[in-house]
Amino acid sequence: MRKIQMVDLQGQYEFIKDRVNNSINEVLETATFINGPEVREFQKELEGYLDVKHVIPCANGTDALQIAMMGLDLQPGDEVITADFTFAATVEVIALLQLTPVLVDVDENNFNIDIEAVKKAITPKTKAIVPVHLFGQCANMDAIMEIAREHNLYVIEDNAQGIGASYTFADGTKKKSGTIGHVAATSFFPSKNLGCYGDGGAIFTNDDDLAHTIRGIVNHGMYERYHHDVVGVNSRLDSIQAAVLRAKLPLLDLYNNKRRDAARKYNTAFRETEHVKIPQMANGCESICDQCDCHVFHQYTLRITNGKRDALAQHLVEKGIPFGIYYPIPLHKQKAYTDTRYKEENFKVTNTLVQEVISLPMHTELDDEQINYITNTIKNFLS
Ligand SMILES: *Cc1c(COP(=O)(O)O)cnc(C)c1O
């Protein structure tokens with residue numbers, strides 16, 4: 001059996017070596033390292049794939065979130081509601097811009113922001129909601145967009161884990177994740193579903209004016225060379241990263257299908273296992289069907305409900321199986337983001353999830369032998 005990796009980027013590279021190398025070589029030959037044609041081409045191709053009017057590439061996903069918030073002209077003291085159970089980047093940029101993060105609990109079935117908790121958190125100061133499409137599945141965007149309309153709030157989608165996923169609205173229409181709110185941010189960190197070979201990110205929006213504002217912000221607030229109209233940042237996707245992404249974008253659906261195949265096999269293995277909760281499909285889906293693209297399994301995350309998560313993790317180390325604990329501490333308990341207004345009883349779900357979750361190896365190169373070894377090891381341990 002091949003050694004199991006949490007994310008197998010080397011194995012993936014073997015299959016796309018020629019494509020990627022040619023693409024990178026082109027940049028080297030033409031020495032167009034910054035703002036080269038590759039960046040513009042990638043931007044256009046991603047706009048086409050997502051069916052969104054504007055993709056604005058930038059240096060990483062964290063920048064993308066920050067720039068999206070700068071573009072909306074949020075002001076110090078404005079409250080921004082986001083999930084307590086996510087990677088810290090989301091809340092970090094809110095705090096960095098001197099906005100007030102308002103963390104709320106998540107839904108125990110799908111790990112995404114809890115709609116009732118969002119409603120309860122709204123005050124006259126609330127200006128935006130940041131749903132995170134955690135582990136590759138959209139938050140309940142019907143409800144979030146409805147709340148936003150009602151209270152005149154912006155919706156900023158954190159799509160770092162959800163690229164390629166679709167969301168089906170209650171009326172049957174479908175949109176790609178990251179094209180539903182006013183603006184979205186994504187990351188091309190190597191281990192993301194569409195990853196480059198360094199850092200990268202992008203902002204998406206269908207709003208022409210906002211896109212114009214953001215294009216200036218990513219480039220030192222310049223709309224005309226050496227005229228700085230707003231305070232901006234320097235945040236670029238470099239041409240070599242764009243070249244890698246151009247080589248990989250045509251494979252994104254195939255890659256996401258492979259992830260779903262692996263998730264389906266994990267689900268089949270664990271469906272009847274005591275003390276294990278398999279990830280639930282949200283937004284009306286019963287299971288991972290063949291046509292279903294509503295979950296792209298950035299992570300495949302189990303809940304171990306008998307208190308033995310850490311013992312299992314130790315066992316996996318001994319058996320040579322990598323895993324991840326995403327996330328081990330709720331954001332409201334992180335030193336940087338504590339707030340005396342938070343009450344523990346409002347974070348029942350995240351406080352439980354941090355003790356129960358474990359993410360299994362998930363990537364495009366997992367084979368049946370590896371999956372069987374992983375599932376049998378876990379089932380034997382828990383029985
Ligand atoms: C990865 C990630 C980010 C940050 O992306 P970087 O490119 O690493 O800055 C933000 N939010 C979520 C949910 C992520 O998973």
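The values are calculated or read from the model by the stated rules, or taken from the named source; none is laboratory data. Treat the numbers as computed from the prediction; the structure is a model and nothing was measured. In this analysis, Cβ positions are derived from the backbone assuming ideal geometry, glycine residues included, and neighbour counts consider all displayed protein chains. Side chains are part of the model used for accessible areas, which takes the heavy atoms of the whole protein and leaves out ligands, DNA and RNA. Shrake-Rupley method; radii C 1.70, N 1.55, O 1.52, S 1.80 Å.
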Any residue in segment 253-267 that is open to solvent by 10 Å² or more (accessible area, probe 1.4 Å) and of a type in the set (Gly, Ala, Ser)? no
Looking only at residues in segment 171-185 that are touching a residue at least 60 places away in the same chain (Cβ under 8 Å) and in contact with a helix residue (DSSP H, G or I) (Cβ under 6 Å, 6 or more places away or on another chain), which one is surrounded by the fewest Cβ atoms within 10 Å (Cβ to Cβ)? Thr179
For segment 356-383, give me the residue count where each residue is out of contact with any Pro (no Cβ under 9 Å at 6 or more places or on another chain) and either of a type outside the set (A, V, I, L, M) or surrounded by fewer than 19 Cβ atoms within 10 Å (Cβ to Cβ) (or both). 18
Please pick out the residue among Asp8, Asp78, Asp73, Asp51 that is modelled with pLDDT of 95 or more, over 27 Å from Thr350 (Cα atoms), more than 16 Å from the ligand (Cβ to nearest atom) and not hydrophobic (A, V, I, L, M, F, W, C). Asp51
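For the structure I just gave you, tell me whether Pro57 is in a loop (DSSP other than H, G, I, E, B), more than 10 Å from the ligand (Cβ to nearest atom) and on the phi < 0 side of the Ramachandran plot.
So Pro57 fails the test.
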Quickly run through segment 204-239 and pick out the residues that are within 20 Å of Phe33 (Cβ to Cβ) and in contact with a Phe, Trp or Tyr (Cβ under 7 Å, 6 or more places away or on another chain). Asp238, Ser239
Considering only residues of segment 137-157 that are within 19 Å of Cys294 (Cβ to Cβ) and either open to solvent by less than 10 Å² (accessible area, probe 1.4 Å) or of a type in the set (Gly, Ala, Ser) (or both), which is farthest from the ligand (Cβ to nearest atom)? Ala143
Could you tell me whether segment 287-302 includes any residue that is part of a helix (DSSP H, G or I) and at pLDDT 95 or above? no
Scan of segment 193-235 for residues that are open to solvent by 70 Å² or more (accessible area, probe 1.4 Å) and either hydroxyl-bearing (Ser, Thr, Tyr) or part of a strand (DSSP E or B) (or both), ordered by number: Tyr197, Tyr223, Glu224, Tyr226, His227, His228, Asn234
Just to check your reading of the model, which residue among Thr123, Thr86 is open to solvent by 10 Å² or more (accessible area, probe 1.4 Å), among the β-branched types (Val, Ile, Thr) and in a loop (DSSP other than H, G, I, E, B)? Thr123
